[in-house]
Amino acid sequence: MTRVNKLCKLDESILKALYEYRALSTKQIEWMFNLSRWYTYEKLQTLRNRRLILSEPISGIKKKGNLGKYHRISETGIACLKKQGVLVERQDKPIRPAHKLKVSKWMLPYLLATNDLVVNLSDYGWKLTDSRETKARFGFNLGDNIQGLLKHRSSQQEYGIYVFFEHTSKKNIQKMIGEITRYKEIHHFIIFVRGKNIYREVINHLQEDEKAVPKSRSLKILPHIFGINYLRYFWNEEQVLAYAERCLGVHVLKRLSPVETRWSALNTIVEHNGEEKYFLNLLDTDLSKIFSASQYRKERYEAEGRKLLVLKLKDKNIEQAKNEEEIEVKKDPFSHIQHVEYIDVTFDQLADYWEAL
């Protein structure tokens, strides 16, 4: 509809998403509403002409080339949503004006990267609570770096989310570690990384810390694009075990309860090549699992007789797995343990399995 005070359903949905998520890139809008690229450009141009949205170049990240545009709702757009009853003023949640929704250019890449999770994971059972709601819910400091909470509808497990780009300062990494250590309400975290060295750097800083890793029940470090694919299909350990049984010659014998094992990470006994072994999934680079499993030393192995069977992504395929997000290959975290065996899988093998699902 051409009149400013009337919105068609798609216009209304796009404006509502821009209000809720504060900023979305052109590609995110295209994916979120299943539009063709040509129609996305045309629709956004129409909304701009009606002064319902504002569009600006993406900046704030050190990367060569044109990064495209991002879009945010204008005061006129908010007024239209209010007039159509989409936004309703409540005492506990007042309607925010457009200038309160604006994000600084330095924080914009982090917000867009977090919104990638919404766009790509919402159809797979995941829900994102943004940083503002997360901080308000737990009373965290407004200046904290946590990007929000991810929760899957089946497990109801909540993960604190962080995003890091190349050239992230050591100060910011240390700030994240301080938050993870300080938070009493959150024990599970996922750190998404985008860059050549930041993956290794984040792991190094966390492993050197004496509190953050032992305090966490899970602390996953995932290349951004690989991580999105991983969470779509391997949203809990049962999905990984199903893959191991179907494709890797692993047979699950027993899942141990917390009282049955002294190492939280070693809670699955499998049969592999005719032997009983402890199974450990490290496709997600969970540092809490590594910390726990590393306590399974020679003396206990000799008493129990079960080797450690580790599933991990084949090193030379890490580059392919994250689609041009260059990262350094991680070192073997169990180089000091002799009773360990590895199953290496490539990203192509995982992608074929996920496509079949």
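The values are calculated or read from the model by the stated rules, or taken from the named source; none is laboratory data. Keep in mind it's a predicted model, so treat the numbers as computed, not measured. So basically every Cβ, Gly included, is an ideal-geometry build from the backbone, and we count neighbours across all protein chains shown. Accessible surface is based on the protein model in full, side chains and every heavy atom, while ligands, DNA and RNA are left aside. Shrake-Rupley method; radii C 1.70, N 1.55, O 1.52, S 1.80 Å.
Rounded if a/c is under 1.5, else prolate if a/b is larger than b/c, else oblate: which is the stretch 214-278, with a ≥ b ≥ c the root eigenvalues of its Cα gyration tensor? Because a/c hits 1.5 or more and a/b fails to exceed b/c, the stretch 214-278 counts as oblate. The stretch between Lys9 and Thr181 holds 57.5 nm of extra length on full extension. This uses 0.36 nm per residue minus the Cα-Cα distance. Picking from Val240, Asn34, Ile173, whose Cα lies most toward the positive end of the charge dipole for the chain (charges on Cβ: Lys, Arg +1; Asp, Glu -1)? Value: Asn34. For the stretch 85-160 versus the stretch 195-231, the spacing of their alpha-carbon centroids is 21 Å. Accessible area per residue for the chain, computed on protein heavy atoms with a 1.4 Å probe, is 51 Å².
Dipole magnitude for the stretch 138-219: computed about the Cα centre from +1 point charges on Lys and Arg Cβ and -1 point charges on Asp and Glu Cβ, it is near 100 debye. Cross-linked pairs Lys93/Lys211; Lys171/Lys211; Lys43/Lys83; Lys9/Lys135; Lys215/Lys298; Lys16/Lys289: Cα-Cα separations exceed 28 Å for Lys93/Lys211; Lys9/Lys135; Lys16/Lys289.
Just to be sure I understand the model, the point goes 7 Å from the Cα along the line to the Cβ. What's the resulting Glu20 to Val259 distance in nm? Rounded to a tenth, the inter-label distance reads 4.3 nm.
Rounded to the nearest percent, how much of the accessible area of the chain (1.4 Å probe, protein heavy atoms only) is carbon and sulfur?
Values: 8700 of 18300 Å².
Of all accessible area on the chain, carbon and sulfur atoms account for 48 percent.
So, R0 is 51 Å and r is the distance between the beta-carbons of Lys211 and Gln45; what FRET efficiency does that work out to, to 0.05?
Values: r = 51 Å, r/R0 = 1.00.
Approximately 0.50, to the nearest 0.05.
Restricting the GluC sites (Glu not before Pro) of the stretch 176-213 to loop positions (DSSP other than H, G, I, E, B) with no more than 13 neighbouring Cβ atoms within 10 Å leaves Glu185, Glu210. Dipole size of the chain about its Cα centre, with +1 on Lys/Arg Cβ and -1 on Asp/Glu Cβ: approximately 1920 debye, rounded to the nearest 20.
Here the extension length gained between Ala242 and Ile95 equals 48.4 nm, from 0.36 nm per residue of separation less the Cα-Cα distance.
Pulled fully out, how much extra length does the chain show between Glu341 and His251, if you take 0.36 nm times their separation in residues and subtract their Cα-Cα distance? Can you show the working numbers first?
On the way: separation 90, 0.36 × 90 = 32.40 nm, distance 1.55 nm.
Extra length from Glu341 to His251 when fully extended: 30.8 nm.
Rounded, prolate or oblate for the stretch 31-136? Axes are the square roots of the Cα gyration tensor eigenvalues, ordered a ≥ b ≥ c, and the cut-off for rounded is a/c under 1.5. Before the final figure, lay out each step's value.
Working: a/c = 1.38, a/b = 1.15, b/c = 1.21.
Rounded is the answer for the stretch 31-136, as its axis ratio a/c remains below 1.5.
Below 16 Å, Cα to Cα, which aspartates and glutamates can Lys170 reach? Residues fewer than 8 away in the same chain don't count. Cross-link targets: Asp144, Glu179, Glu201, Glu208, Asp209.
Between rounded, prolate and oblate, where does the stretch 192-233 land on the alpha carbon gyration tensor, with a ≥ b ≥ c its root eigenvalues, rounded for a/c under 1.5, else prolate if a/b exceeds b/c? Oblate.
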